[in-house]
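Take a look at the structure below.
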Amino acid sequence: MKKGEFTPKFFTLLKAGITKKQLYKDVLAGIIVGIVALPLSIAFAIASGVSPEKGLITAIIAGIVISVFGGSRVQIGGPTGAFIVILYAIVQEHGVNGLTIATFMAGFIIMGMGFAKLGNFLKFIPYPLIVGFTSGIALIIFSSQIKDLFGMPIESLPADFVDKWVVYGSHFTQINWVAFAIAIATIVISLFFIRVTTKIPGSIVAIVLSTIVVYYFDLPVETIESKFGEIPNSISMPAFPHIDFATIKALIQPAIAIALLGSIESLLSAVVADGMIGGRHRSNMELVAQGAANVFSGLFGGIPATGAIARTATNIKNGGRTPISGIVHAIVLLLIMLLMAPVAKLIPLSCLAGILIVVAWHMGEWHHFFALFKSNKMDIIVLLTTFFLTVFFDLILAIEIGMILSSLIFMKRMSEATSIKSTSNILDSNDDFGDKLFEEELAEIPKDVLLYEINGPLFFGASQKFQEVISDLNQRPKILILRMRNVPFIDATGINRLKEICKQLQSRGTTVIISGANHEVKLELLKANIYTMLNKNNIHDKISSAIQRAKNILEAESKNKS
């Protein structure tokens, strides 16, 4: 076991000490994230088929547990859009009580995954699969908001994607144009208010304006109050749900679905956060905390929670660097729930629909989705299979089939990458630096240059290890040469990790040079715009020219300084 693997980051940071300056930044970031989380928590709860206060309870209870006991220093926990698909279906089939029990069960499953150290394996999920099901979820979220977007008087919606649109088609003559105008205004403000100021979230401005206009002019649109009644301004005492074998049997599949999706999203969020702050999360401790958060959320009648990528990014951008910001965000939501519930009930549902449509747009990351069409055909197959299975069938089925496909494709590509040479061919062949030994080559490398050689395919299973090795560089060289002569192929996950590493190194002033990539790998690098990112002059066929390029860069820098 790694030292401190199951120690919460918060405890480690408290032991090391947190400066007053950082404490101030964390409190400020927590206040901002709490305000951002308010409409999202309510909107996610309503879209999941439950009352709005359940979203707030989840953000408060789970948010504190995840921040205090999590393995990431900046993770913000709470309800997220990714769960909407699963939760709505559970509520339709098993009711709100069934969802509470499934959340409780899922918490123990996630904790078990953490203690079994499965967090180390969840990192290896292929990038096309992640983009496929994330984009599929985004499309389903958009689809679920059409009713409130147009203010249609529909009592209940089916969970199935196609059935929803059949129902919409039969109600398109009953559009509430006032509700539609509010939703469109919300979308525009949420997307473009950042041009006015980055301090106040556009979604909050949209909520305040739409609520005031609807209340003052008594506009004929549905609000939280007209749909759900009063929002409770208190949190009920925890209660253990009644669970017997029949209940477990009925809810085990939904609970596993919640556990898998929650685990994947929380670790994805933690990885994204690591890239933004240059840190390293403890994946297994993060899973244990996420599991505990879901157990407590279930006890208090909340819904599933996980790491929220958008709120975590907001936290980082506003200076949050310790779990204190996550704790403050939960306290802010608690104060709002206690003091502002009578006002929150006046929020128009069409405004919340507009906010969720913006969430779906950002969640889909469609530029990544379409960028993958430039990659290998096998990656495209995994992407589209996962996407369509998520939209038209089931998310867990999509992940299962996506993983099976990725594994089969990997085995096929590995078999193609294996070659057999005769002894004479091996003896007669020279590498791209002549017949010098590797140790002799190192002698020619300048002082401020590091050379790393990658041996083997850079695919989804190896990409995490590659990122960790490069991120663990004890020194920050002026130039890093990545020698890829022994990389038979690179897949979309490897490309994505390589781009992340290059961006991170370039932001710290390190020039990256690639040497020896074969024709197929260079083709993938070209399609992924890495030639443009690194400058095509920094991609070489031979190690000798790569080292010479490094010397030229150092000489040019030396002349500029003198």
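Numbers for the structure displayed
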quantity	calculated
Amide proton proximity set for F489, modelled H, under 5 Å, gap of 5+	L458
Amide H contacts under 5 Å for I513, placed H, 5+ residues apart	L480, I481, L482
Residue (of I64, V162, I501) at the positive-pole extreme of the chain, dipole from beta-carbon charges	I501
Amide H within-cut-off set for T223, under 5 Å, with H built and near neighbours excluded	L349
P(r) of the stretch 472-562 over all Cα-Cα pairs, binned every 5 Å from zero, in whole percent	3, 13, 24, 25, 20, 10, 4, 2, 0
Extension reserve of the M403-D160 stretch, reckoned as 0.36 nm per residue once the Cα distance is removed	85.1 nm
Hull volume in cubic angstrom per residue (convex hull over the Cα atoms of the stretch 169-270)	255 Å³
Per-residue ³J(HN,Hα) for the stretch 326-339, Karplus 6.51 cos²θ - 1.76 cosθ + 1.60, θ = phi - 60°, Hz, x for Gly and Pro	x, 5, 4, 4, 5, 5, 4, 5, 4, 5, 5, 5, 6, 9
Rg ratio (alpha-carbon, reference 2.2 N^0.38 Å) - the stretch 194-333	1.33
Net dipole in debye of the chain [+1 Lys, Arg Cβ; -1 Asp, Glu Cβ; about Cα centre; nearest 20]	1680 debye
Under Karplus coefficients 6.51, -1.76 and 1.60, residue-wise ³J(HN,Hα) of the stretch 191-200 in Hz, glycine/proline x	7, 10, 5, 4, 6, 7, 7, 9, 6, 10
Point-charge dipole on Cβ atoms (K/R +1, D/E -1) for the stretch 3-66, about Cα centre, debye to 20	360 debye
Pairwise label distance in nanometres, K536 with I212, each label 7 Å out on the Cα-Cβ vector	5.5 nm
Percent antiparallel among DSSP beta bridges (both partners in the chain, rounded to 5)	20 percent
Above-threshold pairs, the threshold being 30 Å between Cα atoms, out of K15/K503; K54/K499; K227/K249; K478/K536; K15/K447	K15/K503; K54/K499; K227/K249; K15/K447
Square roots of five times the Cα gyration tensor eigenvalues for the stretch 96-174, Å	35, 19, 8
Crossing angle, helix 20-47 versus the chain [Cα axis fit, 0-90 degrees, rounded to tens]	60 degrees
Distance in nm between pseudo-label sites at H519 and Q253 (7 Å out along the Cβ direction from Cα)	4.9 nm
J(HN,Hα) series, the stretch 90-95, from Karplus relation 6.51 cos²θ - 1.76 cosθ + 1.60, nearest Hz, glycine and proline x	5, 4, 4, 8, 10, x
Helical contribution to [θ] at 222 nm, DSSP H n ≥ 4, -39,500 (n - 2.57), averaged over the chain, rounded to 500	-21500 deg cm²/dmol
Residue-span extension gain [V188 to D448] - 0.36 nm each, minus C-alpha spacing	88.7 nm
Cα centre as origin, Lys/Arg/Asp/Glu Cβ charges: the stretch 505-562 dipole, Debye	180 debye
Selection from G107, A313, G95, by position along the positive dipole direction of the chain (Cβ)	A313
Calculated log₁₀ intensity ratio I(q)/I(0) where the Debye formula runs over C-alpha points of the chain, q = 0.07, 0.08, 0.12 Å⁻¹	-0.46, -0.59, -1.18
The stretch 215-298 - Debye-derived log10 I(q)/I(0), Cα point model, q = 0.12, 0.25 Å⁻¹	-0.68, -1.19
Spin-label pair T7/H171, simplified geometry with 7 Å Cα→Cβ offset, distance in nm	5.4 nm
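Values quoted throughout were computed directly from the atomic coordinates according to the rules given, and no laboratory measurement underlies them. Since this is a predicted model, take the numbers as computed values, not measurements. All Cβ positions, glycine included, derive from the backbone under ideal geometry; neighbour counts span all protein chains shown.
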